Each structure stands twice: as C-alpha cells, then as structure tokens.
Amino acid sequence: MTQPTSSDLIRSAREVFNIAIAEKNAKGIRPLLAPSYHLVTGRSDQFHGADEEEIRWAELFQTDPTAVYRRTPREITTNEAWGLAEELGNWQGTYTAKGIFVNASGVYSAKWQRTTTGAWVLQAEVFTTINFDEACAPPDPI
C-alpha cells in the first residue's frame, strides 16, 4: 500500500479543520495548530496563539451559530527536508452580521510544519477577502 504524501496529509488535515468548523467543534481545531499559531483574518484582524484560537472559535460558535467557513486548497508546496509546507487556496464564509446573513470569500495562504510525531500543524494563516456582501465590515483603517 502506498504511503500518503505530505500533500495528502495536509489536505486531510485541512478537511478535518473544515469539518470541525461545520460541526462547531473548537476542540477539534486546536490539535491542528502549532502553539505559536498566528492568524490574519480576511478583514485584517490578527490573533496569536493556539489556545487563544480555540477560545476564539468556541466564542464564535456560541455567538453566531450560522458561521461556517470552508477552505479549499489549490496548491501545496513542501520542503520535505525541513518539514515545511505552504498551502494556497480559496475560502468561503457565511455568517450573520448586524442581523443579516452574509457571504464573503477570498484567497488564503497557510504555512504548515511537520511535528516530531509526523503530524502537520498550522504555523500561520493569512486570509484576504476578495468578494463580500454589503453587510460585511471592512478592515479598520491603518
């Protein structure tokens, strides 16, 4: 039987993340994140730390049960020697803002690192919103 490639393992981990979001399972997201995980959201908010990210997802699931995000990888490039990988893809999200159901979507880049046990975990993700409904809040000005 053929062993899964690193790309296969990352795609599988991404799908586990998607399922955890769909099932509103913040605890299912936490094992996919490196301790120093960093996030830049589609509206440019920034968050740091895997434990904090689990809390953030749990709060989102509680305050907005309509929220669903799906990430779809387009390309995965790996550095097998160092256990690093880049994932490029598209994302879609639906949630409620100001009492209105809205849609947003865009592109993302994710950096993965292989752990000493062979699991791939996310070090960082950067999301850029490209398409959005009028009710979506833009980023704060810089």
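The numbers here are math on the coordinates, done by the rules we state, and not lab data. Note that this is a predicted model, so its numbers are computed, not measured. Positions of Cβ are generated from backbone atoms using ideal geometry, with glycine treated the same way; all protein chains shown enter the neighbour counts.
Here are a few things to note about the model shown:
- Residue match in the range 12-21 (condition: among the small types (Gly, Ala, Ser), more than 18 Å from residue 91 (Cα to Cα), crowded, with 16+ Cβ neighbours inside 10 Å and touching a Phe, Trp or Tyr at 6+ places or on another chain (Cβ under 6 Å)): no
Let's see how each residue does on (1) within 29 Å of residue 8 (Cβ to Cβ); (2) out of contact with any strand residue (DSSP E or B) (no Cβ under 6 Å at 6 or more places or on another chain); (3) not aliphatic (A, V, I, L, M):
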position: 27; (1), (2), (3): yes, yes, yes
position: 49; (1), (2), (3): yes, yes, yes
position: 62; (1), (2), (3): no, yes, yes
position: 91; (1), (2), (3): yes, no, yes
position: 106; (1), (2), (3): yes, no, yes
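- Yes/no for residue 36 being hydroxyl-bearing (Ser, Thr, Tyr), under 29 Å from residue 142 (Cα atoms), surrounded by 13 or more Cβ atoms within 10 Å (Cβ to Cβ) and out of contact with any helix residue (DSSP H, G or I) (no Cβ under 6 Å at 6 or more places or on another chain): no
- Strands (runs of 3 or more DSSP E) fully within the range 35-142 counting 2 or more residues that are within 20 Å of residue 24 (Cα to Cα): 68-79, 84-97, 100-114, 120-132
- The requirement of being of a type outside the set (Val, Ile, Thr), surrounded by fewer than 14 Cβ atoms within 10 Å (Cβ to Cβ) and at positive phi is fulfilled somewhere in the range 90-113, by at least one residue.
- Whichever residue in the range 1-34 is of a type in the set (Ser, Thr, Tyr) and in a loop (DSSP other than H, G, I, E, B) and, among such residues, is farthest from residue 126 (Cα to Cα): 2
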